Amino acid sequence: MTGYGKSILELENGRLTFEIKTVNGKNADINIKSQILPKDKELIVRQYIAQELHRGSIDFFINWQPNVSDNESGIDSGKILDYFKTLKSLRSQLPPEEHGIFIELLPSLMRMPEVIPAQKRVEIINEDNWDRAFNCIKEAVANTVSYRVREGQVLKEDVTAKVNRILQISREVETYEQERIAAIREKILSRFAELKLEVDSNRLEQEMMFYIEKLDINEERVRLRQHCAYFLETLENEEFPGRKLGFIAQEMGREINTTGSKSNHVQMQQLVVKMKDELEKIKEQSLNIL
């Protein structure tokens, strides 16, 4: 869901720049960070952005850069002088040791009400230029979508490689299965020999088979392969697979964890750790997929 888009609208009296920045988010959380957009147009813009970008934490900026001439700076110098005289008058009423406060107050002059006349700050976007402005907003949104598509292709390749890596590691786990069963059997028999117990060999074999069957991980491996295949299928075929991929990744994690708890084999447990590592990376990346 990470994205960025920008567009510029040239007006007779200045330039409007529209910018959109998006990061991960469960819903379309749209923040309009500008006072330039008319209030009666805000809902239209919000609905359009939500419709096109669907999800994410979305910041929408509008920057205004006026064309300032030498004779028209947009600053009311008379107001500045009035404030200056007022502050100077106040300074004369202060002890000399406090005159330094006057200098400290100078930066606040530009922030005083009406220094920049209200008519200079409003109605930049109006009914006369609204259609052009909205088309420019659409262009910024389209550029954001294009950015997301490029990022999405990179994400898709990365996540696909990690799922295939899990499948590869799972196949490596299978190579230790016979060794693991033999080791479990040997451990049980050696324990009986150590205790010098006389046992019914047939009954022992039955119990041993039952015990080994409880530790069998074949079902977990099969389900893991199915989940991985479903993950890749969803990634390839669905337009907005992000949420579903997160659920599938959870199911993959359950099978990997169960495999680890049943394995009782050092090499297999090391491979399980590698699968968990790949899965955590997949989960992180899935958060950025629509």
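The values are calculated or read from the model by the stated rules, or taken from the named source; none is laboratory data. All values derive from a computational prediction rather than experimental measurement. When we count neighbours, we look across all protein chains shown, and the Cβ atoms used for this are built from the backbone with ideal geometry, even at glycine. For the accessible areas, the whole protein counts, side chains as well, though only heavy atoms, and no ligand, DNA or RNA atoms are used. Shrake-Rupley method; radii C 1.70, N 1.55, O 1.52, S 1.80 Å.
Residue under question is Leu106, and the condition is that it be at pLDDT below 75 and either open to solvent by 40 Å² or more (accessible area, probe 1.4 Å) or of a type outside the set (D, E, K, R) (or both); does it hold?
yes
Name the residue that is nearest to Asn63 (Cα to Cα), counting only residues in segment 112-150 that are at pLDDT below 65 and in a helix (DSSP H, G or I).
Among those that are at pLDDT below 65 and in a helix (DSSP H, G or I), it is Lys120.
Determine whether segment 69-79 contains at least one residue that is among the charged types (D, E, K, R), assigned to a strand (DSSP E or B), at pLDDT 70 or above and open to solvent by less than 90 Å² (accessible area, probe 1.4 Å).
No: segment 69-79 contains no residue that is among the charged types (D, E, K, R), assigned to a strand (DSSP E or B), at pLDDT 70 or above and open to solvent by less than 90 Å² (accessible area, probe 1.4 Å).
State which residue is modelled with the lowest pLDDT when the search covers only segment 17-34 and only residues that are open to solvent by 30 Å² or more (accessible area, probe 1.4 Å) and more than 19 Å from Phe240 (Cβ to Cβ).
Among them, the one singled out is Lys33.
Taking the criterion of being surrounded by fewer than 14 Cβ atoms within 10 Å (Cβ to Cβ), part of a loop (DSSP other than H, G, I, E, B), modelled with pLDDT under 75 and in contact with an Asp or Glu (Cβ under 9 Å, 6 or more places away or on another chain), would at least one residue in segment 83-97 satisfy it?
Checked segment 83-97: no residue is surrounded by fewer than 14 Cβ atoms within 10 Å (Cβ to Cβ), part of a loop (DSSP other than H, G, I, E, B), modelled with pLDDT under 75 and in contact with an Asp or Glu (Cβ under 9 Å, 6 or more places away or on another chain).
Identify, please: which residue in segment 155-186 is more than 30 Å from Ile212 (Cβ to Cβ) and of a type in the set (Lys, Arg) and is, among those, surrounded by the fewest Cβ atoms within 10 Å (Cβ to Cβ)?
Taking the candidates together, the pick is Lys156.
Which of the residues belonging to segment 35-67 are surrounded by 14 or more Cβ atoms within 10 Å (Cβ to Cβ) and assigned to a loop (DSSP other than H, G, I, E, B)?
Ile36, Leu37, Pro38, His54, Arg55
Considering only segment 1-16, state which residues are assigned to a strand (DSSP E or B) and open to solvent by 20 Å² or more (accessible area, probe 1.4 Å).
Correct list: Tyr4, Lys6, Ile8, Glu10, Leu11, Arg15.
Looking only at segment 158-188, filter to residues that are part of a helix (DSSP H, G or I) and hydroxyl-bearing (Ser, Thr, Tyr); which one of those is nearest to Val272 (Cα to Cα)?
Checking each candidate, the answer is Ser170.
Suppose we keep only residues that are hydrophobic (A, V, I, L, M, F, W, C) and free of Cβ contacts under 8 Å to residues at least 60 places away in the same chain within segment 127-176. Which one would you say is farthest from Lys283 (Cα to Cα)?
Going through the qualifying residues, I end up with Val149.
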